[in-house]
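Rule-based calculations on the coordinates, nothing more; no lab input. Note that the structure is a prediction, hence the values are computed from the model and not measured. Because the Cβ atoms are built from the backbone with ideal geometry, glycine has one as well, and the counts that use them run over all protein chains shown.
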Amino acid sequence: MTLTIPVEMKVGGLEETITVTGESPVVDGRAKVNTCAVDVLYNNVNANTGAIAGPDPRGCNNVEPWQTTLRGFVSYTVPRIDVLVSAVLRSQPPALLAGNANQTAQWQVPNSVIAAALGHLPPGATATGITVIPLGHNDKRIYTDERRNQIDMRFAKVLRFGRTRTDVGLDVNNLLNTNYATGFNTTYIYNTDNNPRPGGWGTPTSIYTARFVRLNFTVGF
């Protein structure tokens, strides 16, 4: 659903109209998938190798949480001097630490530790190797702790020649120079990452693109 609201203003005796546009989904957009009955029915352990066969029942009830995204657009042409000022605002919810819930925390456990706990090595594992165990899943999602907010603006001089309109101006992307993290280290090393450390699990590996200015030239006819 898109809502457009024209707002009339008087500036220097002239009436101008500002257009404010907002967008909102008409559905909640949440994915809801429950495969628990099938996963439990067909999940079993191979009697010969001890390997788990069939689907993993962990996180079989996939119900995404409620999240709110706000987007807004406003534009205004300053009268007499014909200067266009416009802005786009985006406010997005915190993101997962990885592309999906199962990859948010990859626990690297030495096979010797697993053997001590179970009395045997994991199927197909070596005594000196490691086993990667995903700590996150659909029921235990790990998100960042901040919303992702951005403001982009455009300042342009409007030039009119006959039936044509030319906008010459500047686009300012990431006006507030937002620097929230966009990528994280998702490897959780046994014992080593029990306490926070530089470069350890959850450490940002990339951030949002820094503020930059771009020359814009648009011709309408």
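How long is the gain from ILE207 to ALA125 if the chain were fully straight, where each residue apart is worth 0.36 nm and the alpha carbon distance is subtracted?
Stretched out fully, the ILE207 to ALA125 stretch lengthens by 25.8 nm.
Sorted from fewest to most neighbouring beta carbons within 10 Å, what does the list ILE114, ILE207 look like?
Values: ILE114 18, ILE207 12.
Ascending Cβ contact count within 10 Å gives the list ILE207, ILE114.
Could you tell me the calculated FRET efficiency between CYS36 and LEU118, based on Cβ-Cβ distance and R0 = 30 angstrom, to the nearest 0.05?
The calculated FRET efficiency here is 0.75.
Between ARG163 and LEU215, what is the spin-label point distance in nm, taking each point 7 Å from the Cα along the Cα→C-beta axis?
2.9
Can you pull the percent of Cα pairs in segment 75-208 with separation above 27 Å?
Summing the P(r) of segment 75-208 above 27 Å gives 49 percent of all pairs.
Taking the alpha-carbon set of segment 150-216, what are its Rg and Dmax in Å?
Radius of gyration, then largest Cα-Cα span, for segment 150-216: 21.3, 73 Å.
If you bin the C-alpha pair distances of segment 61-107 every 10 Å from 0, what whole percents do you get?
Result, from short to long distances: 19, 28, 21, 15, 12, 5, 0 percent.
Could you quote the convex hull projected area for segment 80-134, Cα atoms only and averaged over all directions, in nm²?
Hull-based average projected area comes out at 7.0 nm².
So, in nm, how far is label ASN61 from label LEU135 when the simple model puts each one 7 Å beyond its Cα toward the Cβ?
Each label point is offset 7 Å from its Cα along the Cβ direction, giving 2.3 nm.
Using unit Cβ charges (K, R positive; D, E negative) and no other charged atoms, how large, in debye to the nearest 20, is the dipole of segment 70-221 about its Cα centre?
Rounded to the nearest 20 debye, it is 820 debye.
Could you tell me which chymotrypsin sites (Phe, Trp or Tyr not before Pro) in segment 52-135 are loop residues by DSSP with no more than 15 other beta carbons within 10 angstrom of their beta carbon?
TRP66
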